[in-house]
Amino acid sequence: MDRDSSPDNPMTVPAADSPTRAFPTGPVVVSVCTTCKTADGRMVGPDMFAAVTAALGANDEMVTIRPVQCLSVCKRPATVAVSSADGYTFLFGDLETESGTAALASFVQSYRTSDYGLVPWRERPQVLRKGMIARVPPLAWSPDDGRPPP
């Protein structure tokens, strides 16, 4: 897990005072499942998409909000992914419109200023800590030692 950070842990992303910083380039992509339904069949995906779009602002060129038909996490609606071309991908579930959108807005801001978008666990809003489904490293990540690319 990424909860611990120590100089002896090779899986740890370089500290903030490290000479090289690798912020995600290009837009942060927020993918919202629009087909999410609750256990009783109530559609929550379209409302989540509308709320995320309103909370993050549709006019920010550094954030792209896109509807997706399914993120295949049907048992944990509503589901949202946050990613970038060269950053981590985070997948969150069990999000409710009001608390989830505020948490996502905060998370996206932190994502934009974190190395490879890797927002430290303690800086993530509580609802996203509980709703974490997956954290996938960037494609350019070293498979040999887990360290960031040069």
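Laid out as a table, the results:
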item: In the range 54-126, the trypsin sites (Lys or Arg not before Pro) that fall in loop regions by DSSP, at most 11 other Cβ within 10 Å; result: 75
item: Residues 90, 23 arranged by fewest to most Cβ contacts within 10 Å; result: 23, 90
item: Label-to-label distance, nm, for residues given as residue 141 and residue 98 (7 Å Cα→Cβ offset); result: 3.5 nm
item: Neighbour-count order for 123, 61, fewest beta carbons within 10 angstrom listed first; result: 61, 123
item: Where chymotrypsin sites (Phe, Trp or Tyr not before Pro) fall in DSSP loop in the range 101-133, at most 12 other Cβ within 10 Å; result: none
item: Pairwise label distance in nanometres, residue 50 with residue 126, each label 7 Å out on the Cα-Cβ vector; result: 2.9 nm
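A short reminder: the numbers here are calculations on the coordinates, not readings from a lab. It should be emphasised that the depicted structure is a prediction, and the values quoted were computed from it without experimental measurement. Cβ sites come from the backbone with ideal geometry, for glycine too, and all protein chains shown count toward neighbours.
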